[in-house]
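> Starting off with a structure, shown below.
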Amino acid sequence: MYLSAIALKAAKISQYKAMISITAFLGISFLLFQYLGFKDLQAKSIALVGPRSNSASSFLFVITFLHMMHVLGGVIALIIFWFKAIRKNSAITSLISLEVLGTYWHFVGILWIYLFLFYNWIG
């Protein structure tokens, strides 16, 4: 995400398109792997919600699900930026809106790292 903003500032449109594409791909990959992880837990009879679940597994589900929803919001925005970049001959997009999207992604990443460290220290 950071590299796409640098590329757009430098008017390197092909590099911008590549970086925004890679970022969107990584976000979609994260969502896919989280989904597959949930499916694997379910296949191993680990209930995250419902009467067979316990508080720890339900808490894991809630925290991870909320993170997935934040990532999904970012991926939707990335896909919109990607379509704008691919559809036009040049990436005519607002640098401010791209920087806001970058701030959103950094917030989601930093929050997840914080939560990961926090829960590992108290657990």
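> Taking the range 2-122, how many lysine pairs are there with alpha carbons less than 26 Å apart, if each pair must be eight or more places apart or span two chains?
Going through the range 2-122 pair by pair, I get 7.
> What helices in the chain pass both tests, a Cα length along the helix axis of 27 Å or more and a mean Kyte hydropathy of 1.6 or higher, using whole DSSP H runs?
Helices meeting the criterion: 55-87.
> Of (1) 64, 38, 18; (2) 59, 41, 20; (3) 54, 29, 16, which is the value of Cα extents along the principal axes in Å derived from the coordinates here?
Only one listed value fits the structure, namely (3).
> Over the chain, calculate the relative contact order: mean separation of alpha carbon pairs under 8 Å at least 6 apart, over the residue count, as a percent.
30 percent
> Count charges around Leu60 for me, please; just the other residues with Cβ under 15 Å from its Cβ, Lys/Arg as +1, Asp/Glu as -1.
Around Leu60, the surrounding residues sum to +2.
> Also, I was wondering about something else. Projecting each Cα onto the charge dipole of the range 2-123 (Lys/Arg +1, Asp/Glu -1 at the beta carbon, about the Cα centre), which of Ile28, Ala56, Gln42 comes out farthest on the positive side?
Ile28
> With charges only on Cβ, +1 for K and R and -1 for D and E, what is the dipole size of the chain about its Cα centre, in debye, rounded to 20?
360 debye
> Cut-off is 10 Å between beta-carbons; in what order do His67, His106 appear when sorted fewest neighbours first?
His106, His67
Every number here is computed from the coordinates shown, using simple stated rules; none is lab data. Because the structure is a prediction, the values reported are computed rather than measured. Note that each Cβ is placed from the backbone with ideal geometry, even for glycine, and that neighbours are counted across all protein chains shown.
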